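The values are calculated or read from the model by the stated rules, or taken from the named source; none is laboratory data. The model shown is predicted, which means the values in this text are computed figures rather than measured ones. Heads up, the Cβs are rebuilt from the backbone with ideal geometry, glycines too, and the neighbour counts pull from every protein chain shown. To get the accessible areas, we keep the full protein, side chains included, count just its heavy atoms, and leave off ligands, DNA and RNA. Shrake-Rupley method; radii C 1.70, N 1.55, O 1.52, S 1.80 Å.
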Amino acid sequence: MAKFDLTCRIGQYLDRHLVLPQLEFLNANKIFDEKDLLQAKLDTLSTTNMVDYAIDVKEQLHPDTTKPQINMDGNDLNELRNKRVLILEELKRLQDADKIFGVLENDEVMKKMESMRDSKALIKFLADLADFRIEMMEDIVRLAKYRYECGNYTTSSSYSYFYMLVMPPSDKNYLNVSWGKLASEILTQEWDTALEDINKLREYIDSNVGIGNPLQILQQRTWLIHWSLFVFFNHIKGRDMIIDMFLYRPHYLNAIQTMCPHILRYLAAAVIVNRSRRAALKDLVKVIQQESYTYRDPITEFLEHLYVNFDFDGARQKLQECQTVLCNDFFLIALPNEFVENARLMIFETFCRIHQCISIQMLAEKLNMEVDIAECWIVNLIRNARLDAKIDSKLGHIVMGGQPASPYQQLIEKIETLSVRSEALENLIERKVKAKNQDPISIVWN
Amino acid sequence: MSRFFATGSDSESDTSIEEEQVQRAPAAAFTFSDDEEETKRVVRSTKEKRYEEITNLIKLIRNYKKIKDMSFMLSTFEDLMKAYQKALPVISKEESGQTPRFYVRCLVEMEDFINEVWEDRQGRKNMSKNNSKSLTSLRQKLRKYNKDFEEDITRFRENPDEEDDEEEDKADEADSEDDDNRIADFRKQEPSAPDDSKFKKGIDDDASDSDLDWGSDSDNDSSSSSDDDKPQHVGADYFRKTQKDGGDDEQKQIRKEHRKDRKDKDRKKKREEDDGEGEWETVKGGVAIPSEKPKMFAKDAEINTVAVLKKLGEIVAARGKKRTDRKEQIELLHELQCIAETHNLGAPVSIKIKFSIVSSIFDYSPNVSDPMKPEYWTKLLERITEMLDMLLNATDLIIADSIPEDEEEYEKPEYKLHGCVLTLVERLDEEFTKILKECDPHSNKYVERLKDEKLVSSIIDKVQEYLERKGTVSELCRIYLRKIEHLYYKFDPSVLKQKEGQVASDVITSVQVMEKLCKYVYAYDETDRLRTRAILSHIYHHALHDNWFQARDLMLMSHLQETIQHSDPATQILYNRTIAHLGLCAFRHANIKDAHGCLLDLMMTGKVKELLAQGLLPQRQHERSLEQEKIEKQRQMPFHMHINLELLECVYLVSAMLIEIPYMAAHEFDARRRMISKTFYQQLRSSERQSLVGPPESMREHVVAASKAMRNGNWTACNNFIINEKMNAKVWDLFYQANKVREMLTKLIKEESLRTYLFTYSHVYDSISMPTLADMFQLKKLIVYSTISKMIINEELMASLDDPTETVVMHRSEPSRLQSLALQLTDKVNNFVDSNERIFEMKQGNFFSRGNQGNFRDRQNYNRQGQDWGRQRRDRERNREDNRNY
């Protein structure tokens, strides 16, 4: 299944720290050679300050390193240990640089600060408390970064939070701190705040304040798309949001199409799983078709087979492949059952729309189910009133109910909404006229 | 020439032409005087200067006399009087108070002439108003003036044939010298371009003929010669002179022949003897040898860089003057180069000289719109190649526009030269296209010329190499674009082979080269025009090599569709060409809709030829002016870059057929049927109107016949009409992988025929078995299945499948007349509500513009599909949104 693994592609757009969980995941999944993975992990760790972790990995990588051999590797390990001492010293130095950090350590003060929304009041409060000056913010940023590098995400995020509270968005470090905060939140698995951060970042990027160059904006968006995956697949609201953001925000759709078509996998999975957003399918299929030459994997191919070629056999095959892909994907690992259920339903729905009479035998085959289970499944569907059909058990057929709409019905269907729509329009206009009469000056937008 | 005859027969038109002549004359006058001053830049004594001034004026007067241009004669006469006044002190000193004889002669001649004209009342009447006025005033002035010289004049009249003194001779000599130049000018063309000069000679013969025919009526003559351009005029002048001057001229003619011979010899000897700064030389008798050309160097002069450069400067200074002998200039430069080389003056000097040679070759052809002569062209290529080779070898040399001429450095490295190789090459390239356009594209000559393309390309490569070493970014962009323009339209089969793995992937193909060049231009170009052109060429190249997706994406990303109408015509033409190829590429990839979309705009107007700049169409409503035609001709593409129009049209028509025929079948009774492609419809209509339809001959007829067959669902007939011997030869074999295209076409024809069949005949069936259909259309069952499924899902076909029996069951719901009318009415009401909403939204600004307005049609589809894709929910959403907004 290595061929469908996207870690490598996604990794380019992630922070080192964000790659680590993925590597851990792959390690557990055992599709790659363990040694290679460990080495990769080590390389990833090399420029961070998470020395303890690195030492751990190193020992894992060479578990047979017994005492006599330690001299060889020992150098490395010693080096790491030395590094650790240095890092601790540096941390201490940074920590002591300003008095303010003492204040920040204090939980009570932090809480109080959080309750203050106005930055001016906050600065005043801090100045009273701990001789605070704006210049100290530089140090805070540095320390937050350092903490982050050391893997101390919670502290880092609280520092960043503090920073963002105090400083205006026009500050030069604002963007970097936002990213840092998002990463910290993701790594501490605070999905709610992470979601908030993503929205903030998105607004910041879309407003083009700090970044003028279109290329840079595109890059920022690409990062955001990748980082947000963590949140979207872990937050409850994420499934709707991923569709809204990736598919219906042209900027982000463009970014996906130009920079990272592999994101389509996640988008497709999200759309398939999300039963209430079936309308998005059509748009998605269009995008998938457009990009089919640059990216295809079982999930996109499944949709293509089902909605473009109406090749149910192909769809069935792809569905099978999809399952393995899902099981081996860091982000989608939670979804397989839901995915398969929904995919089946999709196949079945499409099938029913085309057919008048289906043999259960064939249907079971197409849905990858045992005949009995399939029958059971269909019975359930019928019972839940989602399907207008009857089973002809003698022949083993399902006969679709519902005759084609008579012209009369068609007519009704067509004009049904008209009155509602017109009424709504009328209301709108009336309201507008009223507003105009009341306050003729305030209507500037007409 | 017709005008020429007209003047011969009709005296009315004669005068009008004469007026034209009058308008033209000032230029001539200026050139003459200008020239006389510019050819030699030598210090002369006051006497010489004054005398020459006078002689020149006298000569001018003589000329005007010949063409009877009174107004100019008057002004020249006034000048002459002034000049004489100025020269008076010198004359009194030199001639001891005597009036110079040649001056007197001139006065006498003028008097005679004016009297003669005055007598000729008929002639005077015919004269233009301006001229006759001048004549009167001239007559008066001359009379008054001549009174002062009465004595001299009477003496002169007594014996006019007294032997010429020195001045006289000198004047004569200058005169003949002048003629000589003209002859040389005229003759030199003879060996070089036989056909051309023959043509000219013919005209000249005509001119002289006319002289013979109409005797003294010199008006005729001058007007006829004024028809043609400068050199001819001069030539005609010359011939007339020989006629007029009679016997005396005969001698002159011989003398000239002699001189010419001598001159040639002289050139061979490289003018070794020293004649002192190339002053006009006095001729004794008729056989004296003038060496009117400036000597290269004095025999004993030291030849060093400075001297050579000075000489070069001298030669180049004459450039661009009207009467500089361009050919001679080239030769002089060559000579100079030989000298420089024999004295080993080093690369910089030779390069500088070569540079001048190249630019003087460019100057050679006088008319900008006319192409260069072939032999000069080859020479030009050689010189440029030599120069560039030298330039590339001399690594410590910089030649650039930015170096001012007085900062050039020849002596020591780093050498610096003024000049721009890039413009030279750009000029060369333009010249090349001009030459190609001039050739008949079906002749061997064209092929011969086209062979030079390789040379031109290699020159561009060399310049590129040089600029990559020394040039600035913008220069690099320009040369890259040049290279791109030589590359983009060429098909490189190795690209496709590489795609199939037949060629190793590390072989550099033209696509990669294009990619590299274009990316550079995208990144560094600042003018936008270059970038646009680079993008278009890049797309073109991708499309040419079947890289459909890349080409499409690049086109979409460039957003050129919106802005292209604001760019210059050349870029628009390139855009059209690119779109045409994009269409062809889409067709090869079986993306019929895209192909149709691309080609529709081009074909709709019926002016493909003009849009692609592959020829001019006669315009019906209004004639183009000559100038407009010239401009349009300049825009034309050379033949080897043409896109086959028949192929284009065929691809368009076939695409239209594949889209339109099923659509027509599906919407046969639809009230709102729209035409997808008008041109195709026209073809179809026109064939329907024919009372008798014969077997198809042309490509269009074939497609029309195929369309008719497809309408009946007869795919074999359709296929046979589209793919057969004739069509292969005409169209399909032009594709690189023709067989693939044909296979693709057959498959599409089968599918679309199946669809058409189902649309057309579904009402006679209650159910159809799918295996039978598959058999009928020789398609795989899977494809039949998926095609029908698609139709059902899209609600094009009111049917559903019966899986166990593998049949399509039709749902008969034939609406009655009333019902169908009612349905149509609801459709209209629906439209009405939609447009109402849209109007409202438009007024509101784009509160709701979440893609809803754009795909209005899509929404309609959703609606028809019912349940899941339904609109109701969306509407509810919209309503909610509305409420939120208010």
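How about region A:347-359: which of its residues are assigned to a helix (DSSP H, G or I) and at the interface with chain B (Cβ under 10 Å from one of its Cβ atoms)?
Within region A:347-359, A:349, A:350, A:351, A:352, A:353, A:354 meet the criteria.
For region B:710-751, how many residues meet the condition of being open to solvent by 30 Å² or more (accessible area, probe 1.4 Å) and either among the acidic types (Asp, Glu) or in a loop (DSSP other than H, G, I, E, B) (or both)?
Residues meeting the conditions: 10.
Quick check on region B:779-798: of everything there that is closer than 17 Å to residue A:282 by Cβ and charged (D, E, K, R), which residue is nearest to the other protein chains (Cβ to nearest Cβ)?
Going through the qualifying residues, I end up with B:790.
Select from region B:596-613 the residues that are crowded, with 19+ Cβ neighbours inside 10 Å and within 25 Å of residue B:484 (Cα to Cα) and list them in ascending order.
B:598, B:599, B:602, B:608, B:611, B:612, B:613
Restricting to helices (runs of 4 or more DSSP H) lying wholly in region B:81-154: which have 2 or more residues that are under 18 Å from residue B:58 (Cβ atoms)?
Ranges flagged: B:101-119, B:129-148.
Are any of the residues in region B:807-820 of a type in the set (Val, Ile, Thr) and in a helix (DSSP H, G or I)?
Within region B:807-820, not a single residue is of a type in the set (Val, Ile, Thr) and in a helix (DSSP H, G or I).
Going by the structure shown, is residue B:584 buried (at least 22 other Cβ atoms within 10 Å of the Cβ), more than 14 Å from chain A (Cβ to nearest Cβ) and within 27 Å of residue B:495 (Cβ to Cβ)?
Yes; evaluated as a whole, the condition is true for this residue.
Can you give me the number of residues within region A:312-323 that are within 20 Å of the chain's Cα centre (by Cα) and either farther than 14 Å from residue A:369 by Cβ or within 14 Å of chain B (Cβ to nearest Cβ) (or both)?
1
Step by step: first the residues of region B:799-841, then only those that are of a type in the set (S, T, N, Q) and more than 7 Å from every other protein chain (Cβ to nearest Cβ), then the one that is most open to solvent (accessible area, probe 1.4 Å). Which residue is that?
The qualifying residue most open to solvent (accessible area, probe 1.4 Å) is B:805.
Suppose the filter is closer than 30 Å to residue A:137 by Cβ, open to solvent by less than 20 Å² (accessible area, probe 1.4 Å) and either in contact with a Lys or Arg (Cβ under 9 Å, 6 or more places away or on another chain) or modelled with pLDDT under 75 (or both); does residue A:87 pass it?
no
Please enumerate the residues belonging to region A:246-297 that are outside any loop (DSSP other than H, G, I, E, B), within 13 Å of chain B (Cβ to nearest Cβ) and charged (D, E, K, R).
Matches in region A:246-297: A:275, A:277, A:282, A:283, A:286, A:291.
Given the conditions (1) polar (S, T, N, Q); (2) over 43 Å from the mean Cα position of the chain (by Cα); (3) closer than 30 Å to residue A:355 by Cα, which single one is not true for residue B:691?
Going through the list (1) polar (S, T, N, Q); (2) over 43 Å from the mean Cα position of the chain (by Cα); (3) closer than 30 Å to residue A:355 by Cα, residue B:691 breaks only (3).
Need at least 2 residues that are open to solvent by less than 20 Å² (accessible area, probe 1.4 Å) per element, so show me which helices (runs of 4 or more DSSP H) inside region B:484-564 make the cut, counting only ones lying wholly within it.
Where helices (runs of 4 or more DSSP H) fall fully within region B:484-564 and carry at least 2 residues being open to solvent by less than 20 Å² (accessible area, probe 1.4 Å), they are B:493-499, B:510-524, B:529-544, B:548-558.
Out of region A:244-253, which residues are open to solvent by 50 Å² or more (accessible area, probe 1.4 Å) and within 12 Å of the chain's Cα centre (by Cα)?
Hit for region A:244-253 is A:244, nothing else.
When you go through (1) open to solvent by less than 70 Å² (accessible area, probe 1.4 Å); (2) under 30 Å from residue A:232 (Cβ atoms); (3) within 14 Å of chain B (Cβ to nearest Cβ) one by one for residue A:327, which number turns out not to apply?
(3)
Take residue B:774 and tell me if it is at the interface with chain A (Cβ under 9 Å from one of its Cβ atoms), small (Gly, Ala, Ser) and free of Cβ contacts under 8 Å to residues at least 40 places away in the same chain.
No, not satisfied.
Please go through region A:200-243 and give me each residue that is loosely packed, with under 13 Cβ neighbours inside 10 Å and among the acidic types (Asp, Glu), ordered by number.
A:203
Give A:196, A:190, A:203 a once-over and let me know the one that is of a type in the set (Asp, Glu) and more than 15 Å from the chain's Cα centre (by Cα).
The unique qualifying residue is A:203.
One line per residue, one yes/no per condition, for (1) open to solvent by 60 Å² or more (accessible area, probe 1.4 Å); (2) at the interface with chain B (Cβ under 7 Å from one of its Cβ atoms); (3) in contact with an Asp or Glu (Cβ under 8 Å, 6 or more places away or on another chain):
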| site | (1), (2), (3) |
| --- | --- |
| A:340 | no, no, no |
| A:364 | no, no, yes |
| A:373 | yes, no, no |
| A:377 | no, no, no |
| A:390 | yes, no, no |
| A:406 | no, yes, no |
| A:410 | no, yes, no |
| A:418 | no, yes, no |
| A:422 | no, yes, no |
